[in-house]
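Structure record follows, encoded as structure tokens.
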Amino acid sequence: MEHKDNLDLQFYFSADFITTIYYVLTQKWKVEPIKVLSAIEQLSFEVVPHYLKHSDFINAKEIFIQTKFNDFEDLFVLSSATRIGCGLFITNDKKLLELKNFSTLQIQAP
């Protein structure tokens, strides 16, 4: 958060976050769908949603088959982040943090 106002940096979130947060807020917390959609739209002005492509799937599948890292969903998101040129991936996922790097992507805790 210390860099949130730095205009030289671009922040992204994976588009699967949109469907996950929508589901959790509307189904589990019973927030009105229109309020959730409005909040996601507002967030998208600050943090750019990044959508997965089929090439991300292909890359993740190849890495999944060739390595011991067995979390396909994480590989899919990491492949996508690498494709768009992200330099830093922030996560609390202990398994991802153990990797430390993925291609040119540095993985760090918040």
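Only the coordinates and a few stated rules stand behind these numbers; no lab work does. Since we're looking at a predicted model, the values are computed, not measured. Reconstructed Cβ throughout: ideal geometry from the backbone, glycine too, with neighbour counts over all protein chains shown.
Worth a mention:
- Among the numbered conditions (1) without any contact (Cβ under 8 Å) to a residue 12 or more places away in the chain; (2) surrounded by 11 or more Cβ atoms within 10 Å (Cβ to Cβ); (3) hydrophobic (A, V, I, L, M, F, W, C), the only one that Ala15 does not meet is (1).
- Tally, over the stretch 1-55, of residues that are among the acidic types (Asp, Glu) and in contact with a Pro (Cβ under 9 Å, 6 or more places away or on another chain): 0
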